Amino acid sequence: MNPTFINSDDIRHNFSIAMSEMYQKEVPLYGDLIDLVSEVNTEVLNKQPEIRQQLEHTGEIDRLNMERHGAIRLGTAAELSMMRRLFAVMGMYPVGYYDLAPAGVPVHSTAFRALETPSLNNSPFRVFTSLLRLDLIDDEALKQEAMTVLDKRKIFTDDVISLIERFEEQGRLTAEDAKQFVKEALETFRWHDKTPVSKGLYRQLLSQHGLVADVVGFKGPHINHLTPRTLDIDAVQAGMQAKGIPPKAIIEGPPRRNCPILLRQTSFKALEEAVDFKNPEGGYETGHHTARFGEIEQRGVALTPKGRALYDKLLNQARRQLGMTPNADNASEYYQVLESAFAAFPDDYQTLHDEGLAYFYYQAVDSHTDNEPTLDSIDVENVNDPLSKQVVTDLLEQGMIRLEPIVYEDFLPVSAAGIFQSNLHNDSTNDSTNGNENDEHSGKQSNDKGHANKEAFENALGAQVYDELELYQTLQAQSLKACLANLNSKALNGVI
Ligand code: OOG
Ligand code: NI
């Protein structure tokens, strides 16, 4: 009998479920958060039919309740490149480059995710993956010691490596192999409460940076959060407080708006967890570590380079005006300043489209209309020429086609830095941010240096990261082409 093969979307889906089950056992509060998020989402969908309809049109409605992103932190180039190969089995590829060093967080990162809309809608599982920048440790002896510890550890099982190799040879896995793959891959993300380092070394690592201790001090890159997507982050934030799960003071990202843009995120504080440190004399010594936390997010429309530049400008402006890092004491002032800064960002989809600030799907409207579509002059292969653009504008006005927002699938460096920082030991990290965390956009870090960091990251990864903006641009262009072709064929067939 021929073996049945399974596609990467299904492997990713199965892995995402297995990961969620494991994390729920490890961190029971995660289960409470998932319940709260699904309650809020149900309410939004019931009360706001226009949001339900939009999500039906984009295909997101089916994925909403399974949508998760996790995060891990790796120690070496070898770990990162094997991780890339592992994620490829699940149809996940590195998208985007995030340099967090300018914000005082010694890592750089990418996000592994599916690329195509149908795959994303089948299983929208992503993993924000960071590589520790040991080169930023100034204590040379400690750096050497950390490297020795990292070089010794094995974060992948032998079986998962064989299955990755088999996938690379065959281009796919049988259902049986895929099942084994999910089980073995999960091992890499598991929490270990017995450390490979002594309490003394752990303390030294911690005094360098909380992240150094979190990576070097452990046997593997435990998944540190698994984030569901909500349709109303303010409601979940309020609900968390009511349920006694105190969130961090500030929701990261843009302010609340009618038309959400990019990404808003908040987290609950990292748990203090008991760990056993390895004693050099044998046996273990008890202690604590904070690493894992809960996070929720609300996603909005992806922005074009022009929209993103405006977002960065307004966020910087608000932070500069506040004059310090947003925190519990200035939260309401920060939100006020943020909202007034973002008054300059158009808040309806038509204007976001017309001004080229955000990406949209173009979809043919199915309803009958008396209007004659002006289809003759459309060049579907070249929809950006001025004549075609005018036709598209006319078709939108005539109600023949509609716009639906392309959801932002990626992350934000300033927000990520805020999330990292709120979940690390305060002693080593607090002073690194200063009200203008967004140095990579405000020019403190030169472009050359940013470029060199990205190259170093890609060398470690063993591949180039995808440019997220190009991906959105392609989705938009493909949807326009498909929708015009659809209208053309309807016109030819005399349907309209
Ligand atoms: C990752 C923090 C960033 C996000 O959603 O931006 C992040 C980490 O703490 O490892 O999760
Ligand atoms: Ni996150």
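The values are calculated or read from the model by the stated rules, or taken from the named source; none is laboratory data. What you see is a predicted model; the values in this text were computed from it and never measured. FYI the Cβ positions are ideal-geometry reconstructions off the backbone, even for glycines, and counts take in every protein chain you see.
Look through segment 223-255, keep the residues that are among the acidic types (Asp, Glu) and more than 16 Å from ligand 2 (Cβ to nearest atom), and return whichever of them is surrounded by the most Cβ atoms within 10 Å (Cβ to Cβ). In this case the residue turns out to be ASP232. On the basis of being at pLDDT below 80 and in contact with a His (Cβ under 8 Å, 6 or more places away or on another chain), does THR429 make the cut? Against the criterion (at pLDDT below 80 and in contact with a His (Cβ under 8 Å, 6 or more places away or on another chain)), THR429 qualifies. Within segment 256-293, the set of residues being more than 16 Å from ligand 2 (Cβ to nearest atom), among the charged types (D, E, K, R) and either in a strand (DSSP E or B) or over 30 Å from LYS243 (Cα atoms) (or both) comprises GLU272, GLU273, ASP276, LYS278, GLU281, GLU285.
This table checks each residue for (1) outside any loop (DSSP other than H, G, I, E, B); (2) in contact with a helix residue (DSSP H, G or I) (Cβ under 7 Å, 6 or more places away or on another chain); (3) surrounded by fewer than 15 Cβ atoms within 10 Å (Cβ to Cβ).
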residue: ILE155; (1), (2), (3): no, yes, no
residue: VAL160; (1), (2), (3): yes, yes, no
residue: PHE167; (1), (2), (3): yes, yes, no
residue: VAL182; (1), (2), (3): yes, yes, no
residue: PRO196; (1), (2), (3): no, yes, no
residue: LYS219; (1), (2), (3): no, no, no
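Across segment 301-316, not a single residue is classified as within 16 Å of ligand 1 (Cβ to nearest atom), under 15 Å from ALA249 (Cα atoms), surrounded by 14 or more Cβ atoms within 10 Å (Cβ to Cβ) and in contact (Cβ under 8 Å) with a residue 40 or more places away in the chain. Which one is nearest to ALA344 (Cα to Cα) among residues in segment 294-307 that are part of a strand (DSSP E or B) and not polar (S, T, N, Q)? Once the filter is applied, the top-ranked residue is LEU303. When each of TYR23, TYR97 is tested for being part of a strand (DSSP E or B) and either farther than 28 Å from ILE419 by Cα or within 16 Å of ligand 1 (Cβ to nearest atom) (or both), the lone residue that passes is TYR97.
Of the residues that sit in segment 224-250 and are part of a strand (DSSP E or B) and touching a residue at least 24 places away in the same chain (Cβ under 8 Å), which one is nearest to ligand 1 (Cβ to nearest atom)? Step by step, filter segment 224-250, then rank; the result is THR227.
Does at least one position in segment 101-110 carry a residue that is in contact with a helix residue (DSSP H, G or I) (Cβ under 7 Å, 6 or more places away or on another chain) and surrounded by fewer than 18 Cβ atoms within 10 Å (Cβ to Cβ)? No - not one qualifying residue is present in segment 101-110. If you filter segment 105-121 down to residues that are assigned to a strand (DSSP E or B) and of a type in the set (A, V, I, L, M, F, W, C), you find that the one that is farthest from GLU468 (Cα to Cα) is VAL107.
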